[in-house]
1. Kindly indicate the residue of region 330-348 that is among the hydrophobic types (A, V, I, L, M, F, W, C) and surrounded by fewer than 19 Cβ atoms within 10 Å (Cβ to Cβ) and also nearest to ARG304 (Cα to Cα) among those meeting that condition.
2. Would you check if TRP165 is among the hydrophobic types (A, V, I, L, M, F, W, C), at pLDDT below 85 and not assigned by TED's automatic domain parsing to the domain that holds LEU109?
3. On the given criteria, is ALA88 farther than 24 Å from PRO145 by Cα and at pLDDT below 85?
4. Here are the criteria: (1) modelled with pLDDT of 65 or more; (2) of a type in the set (A, V, I, L, M, F, W, C); (3) in a helix (DSSP H, G or I). Tell me which single one ALA230 does not satisfy.
5. Touching a residue at least 40 places away in the same chain (Cβ under 8 Å) and either under 27 Å from ASN95 (Cα atoms) or not in a helix (DSSP H, G or I) (or both): does that describe LEU150?
6. Pull out all pairs, ordered by first then second residue, where Cβ-Cβ is under 7 Å, the residues are six or more apart or on different chains, the first lies in region 353-365 and is under 14 Å from LEU437 (Cα atoms) and in the same structural domain as LEU319 (by TED's automatic domain parsing), and the second is in a loop (DSSP other than H, G, I, E, B) and hydroxyl-bearing (Ser, Thr, Tyr).
7. Does HIS263 satisfy the criteria of being modelled with pLDDT under 70, in contact with a strand residue (DSSP E or B) (Cβ under 8 Å, 6 or more places away or on another chain) and either surrounded by fewer than 16 Cβ atoms within 10 Å (Cβ to Cβ) or in the same structural domain as VAL564 (by TED's automatic domain parsing) (or both)?
8. What's the number of the condition LEU320 fails, among (1) part of a helix (DSSP H, G or I); (2) buried (at least 18 other Cβ atoms within 10 Å of the Cβ)?
Amino acid sequence: MTSTASVKAAHGLEAELLGLLARQGRRMPIPVFLAALMNASMAYGRVPVFGLGAWLLLVVLVLAVRWAILGRLPTAPGLSDGARLRVAVALSGLNGCVQALSLAFFAALPDVQRAIQSLLLVGLCTGAVATTVGYRPIFLAFVVPVMAPLVAMWAWTGTNRHAGWIDGLTAVILVIFGALLFALANDSYRLFRESFEIRLQQARLNEQLNMALMAADAANHAKTRFLASASHDLRQPVHALTLFAAALSMQPLSEAGREIARHMDQALQMLSGQLEALLDISKLDAGIVEARPAALAAAPFLLRVHGEYLPAAQAKGLLLTVDLACTPVLMTDEVLLGRLVCNLVDNAIKYTEQGTVGLFLLEQDGDIVLGVSDTGRGIPLPEHERVFEEFYQLGNVERDQRRGLGLGLSIVRRLAQLLRIRLEMVSRPGLGTSFYLIIARHGQLAGADPPVRLPPASLPALHVLVVDDDDTVRSAMQALLQELGMQVVLAGGTAEARHAARRWRPDVLLVDFRLRGDDSGLATAAALRALHPQLPVILITGDTAPGRLREAADGGLLLLHKPVAVDVLRQALSDVSALSSGAPHG
């Protein structure tokens, strides 16, 4: 501890002691006065009444002064803590001297009353250990004026009586008891000081913990902002590449050209998947993903997942199995649960070189357990928690991009928390890994058929107004939409879009969320809907910042995330084409 810290700690200890003395000073006057009253009652009739009354009055006066001063002492202005403690020592000494004056009656009392008087005074000294927490100056200021004359009185009477050895022995016992009280006082003050130091250290640690939590929170927000910015900047060129690649694939190509286009599409799909993982993390952190529970037949759901991943498993020579020990109905969000389970299955296939990846359903203690197991390399015990961290990948030091960014299990944990599913993992190196999703049972469903998603209908020749501040993205979108049979008008911002919409009525507005300067896709949508109410709007964004995602969601517009795959864009245009006003175009 530095010298400055030591000074602060000492100052705090003195302030703590003064506060305790103030509290004890308010509690003690009545018991002390009752002890004095008992002393006076034993001496009544044996000593002059005037002297007895004067002593009682002095006791009351001192107790009142102590009560008044000690209660205000911790906050007394113009005094240091050291000066305040010296005042407390003086008051303690004054109280001790006044109590010791009762020994003026000692010689006039019979033996029994002397013993009772001694017990009362010794009791006051014993109580001083607690009321002063053993702080030596204050404790001794009270005890010495009381105990010293008490011992002396017993020793003096022992020399003037036939059975004086009893009185002398009493004096010796009082000396020993006084030494014991002194030792107890030292221990009491040591415990008080250590308790204060522990509380001071705890407060310091709590402060450091709060600062560390604030720093971690700030770092997490900074990370989210960085990822959002990096993700947006990456999404722009990838979005343009995806659109150009989709338009290219619709052109007549040679065999070599088709092979190049296929590899280009695979690379773009891999990069798009990584960007989607970043987007998923940002959405979950932003709190804009909401679970919409509905009854879900678990067995058909798991069979659909099996069918989706069977080709990938077979391509690696793996056996993908399904074990349905029960056919329950779950009350959960099918889309979010699907993302959760698919992440687990995808991970299992990536990290299993040979053997089996298994999907299973079973009932345990009234709950449903949906599991994904593999015979892969397994996870060492020290890594069990780390594998759920963002960007952490076990056994991928070369950062093979085919294995993603290391966000799969981070997303799994967040989705499990959102769906209130208990997630457990069991893994042993060399034996494989099993993930268990423990879900509350909802009911029983027989013969449930999976939902059927119809392919998008053929698209009409829509008039599409494309608004984007990036020339490359505008050109790519125009090329793709024209290949799809659309009529396209381009604009770089809200002002250009408004001007174009006055001359030419669009069926659909396709607008980027982030435009140049203070302009935005939301502003463009509002401006064009003022001209053409009910105009369908598709908002495209490369942002993953939680704040922007919430803002886009609150706008109530159809939201697509860059890079937009051609099938996704085709489906979105099909969905909104029915909303087109059908008014004549100019």
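1. Initial filter on region 330-348 (among the hydrophobic types (A, V, I, L, M, F, W, C)): 330-331, 335-337, 340-342, 344-345, 348.
From what's left, surrounded by fewer than 19 Cβ atoms within 10 Å (Cβ to Cβ): 331, 335, 342.
Numbers: MET331: 18, VAL335: 12, CYS342: 10 Å.
Within region 330-348, the match that is nearest to ARG304 (Cα to Cα) is CYS342.
2. Yes; evaluated as a whole, the condition is true for this residue.
3. Considered against the rule, which asks whether it is farther than 24 Å from PRO145 by Cα and at pLDDT below 85, ALA88 comes out as no.
4. (1)
5. Working: touching a residue at least 40 places away in the same chain (Cβ under 8 Å): yes; either under 27 Å from ASN95 (Cα atoms) or not in a helix (DSSP H, G or I) (or both): yes.
For LEU150, the condition - touching a residue at least 40 places away in the same chain (Cβ under 8 Å) and either under 27 Å from ASN95 (Cα atoms) or not in a helix (DSSP H, G or I) (or both) - is met.
6. none
7. no
8. Just one mismatch for LEU320, condition (1).
The values are calculated or read from the model by the stated rules, or taken from the named source; none is laboratory data. Please read all numbers here as calculations on a predicted model, not as lab measurements. Don't worry about glycine lacking a Cβ; one is built from the backbone with ideal geometry, like all the others, and counts go over all protein chains shown.
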